[in-house]
Every structure is written in structure tokens, then in C-alpha cells.
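Here is the structure we will look at, set down as C-alpha cells.
The numbers here are math on the coordinates, done by the rules we state, and not lab data. Predicted, not measured: the structure shown is a model, and the values here were computed from it. Cβ sites come from the backbone with ideal geometry, for glycine too, and all protein chains shown count toward neighbours.
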Amino acid sequence: MLTVFGSVLGFLGVALGAFGAHGMEGRLTPESKGWWETATLYLLVHAVAILATGLSGKTGLFATGGWAMGLGAIIFSGTLYAMAFGGPRWFGAITPIGGVALLIGWALLAFAALKF
């Protein structure tokens, strides 16, 4: 299931990146364009990591790390995309929660790798 999840996030990352570059051209402020680009970068990087985690076939903490990354990518990137679309700036207070979930995911992967 992590493989499907990572693939879907990768698809969304490419689609949203292209939409931001072409469909939103001239509609984003420099600040909101930066949010869009950061959201896309983090979404794509973590989609690949989640995909690799799923393809590894490992379970337990390793898989939990992948799911934590997925949750983090959705929260982190989602709040940045929302703000770029004109959502309330207080979404920026939620963004670090996604960042912490990403960090937890990476830490779980490292810990699980040490156990093998």
C-alpha cells in the first residue's frame, strides 16, 4: 500500500508542479510562488522516499516511517499549496506539524535500518 501511496504523491507532485509553473503563471506573487515551489519539492522528494520504503517490502518501524513521511508530506505541502492559493496565513502555523512528521519518518527509517 505504501507503494501506491508514494506513487500517488509522486503523480500529484508532478501535476501540481506543472500546474504551478504553467496554469498559475502570472497569478502567484513571488512569496506564493516560493511556497508552491517548496511544497512541490518536498512532496516529490518524499514521494520517492515513500515509494522506496514500500518497494523494500520491509514492515514494522520501516513502514511506519514511510507512513509518517506521507502524513507529513500531505500536511506540509498541503498547507503551503493552500496558502499559495490564497488560503489564510495561519495555515503557516500548521506547516511545521507536517515538517515534524517528516522528521519522525526519517528518524524511524534510520532507527529501523540500524535494527536490521
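For GLY17, the stated conditions hold: it is surrounded by 14 or more Cβ atoms within 10 Å (Cβ to Cβ), within 14 Å of the chain's Cα centre (by Cα) and farther than 18 Å from GLY105 by Cβ. Taken over the stretch 29-59, the criterion of being surrounded by fewer than 18 Cβ atoms within 10 Å (Cβ to Cβ) and either assigned to a helix (DSSP H, G or I) or aliphatic (A, V, I, L, M) (or both) is satisfied by PRO30, GLU31, LYS33, GLY34, GLU37, THR38, LEU41, VAL45, VAL48, ALA52, LEU55, SER56.
In the stretch 91-116, how many residues are assigned to a helix (DSSP H, G or I), more than 13 Å from LEU80 (Cβ to Cβ) and either of a type in the set (Phe, Trp, Tyr) or in contact with a strand residue (DSSP E or B) (Cβ under 6 Å, 6 or more places away or on another chain) (or both)? Lay out the reasoning, then the answer.
Taking the stretch 91-116 as the starting set, the residues that turn out to be assigned to a helix (DSSP H, G or I) are 91-93, 95-115.
In the following step, the residues that additionally are more than 13 Å from LEU80 (Cβ to Cβ) were identified as 100-101, 103-115.
Now restrict to residues that are either of a type in the set (Phe, Trp, Tyr) or in contact with a strand residue (DSSP E or B) (Cβ under 6 Å, 6 or more places away or on another chain) (or both): 106, 111.
Residues that pass the stated criteria total 2.
Limited to the stretch 79-91, what total is found for residues that are touching a helix residue (DSSP H, G or I) at 6+ places or on another chain (Cβ under 6 Å) and surrounded by fewer than 21 Cβ atoms within 10 Å (Cβ to Cβ)?
2
For the condition in contact (Cβ under 8 Å) with a residue 60 or more places away in the chain, farther than 23 Å from SER7 by Cβ and in contact with a helix residue (DSSP H, G or I) (Cβ under 9 Å, 6 or more places away or on another chain), ALA63 does not qualify. If only residues of the stretch 81-101 that are in contact with a Leu (Cβ under 9 Å, 6 or more places away or on another chain) and among the aliphatic types (A, V, I, L, M) are counted, the one that is farthest from HIS46 (Cα to Cα) is ALA84.
Within the stretch 17-32, residues that are touching a residue at least 60 places away in the same chain (Cβ under 8 Å) reach partners that are among the hydroxyl-bearing types (Ser, Thr, Tyr) with beta carbons closer than 7 Å, at six or more positions or on different chains, in the pairs GLY20/THR40. Checking the structure you have, find out if any residue of the stretch 68-78 is surrounded by 19 or more Cβ atoms within 10 Å (Cβ to Cβ) and in contact with an Asp or Glu (Cβ under 9 Å, 6 or more places away or on another chain). Checked the stretch 68-78: no residue is surrounded by 19 or more Cβ atoms within 10 Å (Cβ to Cβ) and in contact with an Asp or Glu (Cβ under 9 Å, 6 or more places away or on another chain). If the condition is being under 12 Å from TRP106 (Cβ atoms), β-branched (Val, Ile, Thr) and in contact (Cβ under 8 Å) with a residue 12 or more places away in the chain, then the stretch 33-60 contributes ILE50, THR53. Of all the numbered requirements in (1) among the polar types (S, T, N, Q); (2) surrounded by fewer than 18 Cβ atoms within 10 Å (Cβ to Cβ); (3) without any contact (Cβ under 8 Å) to a residue 24 or more places away in the chain, THR3 misses one, and that requirement is (3).
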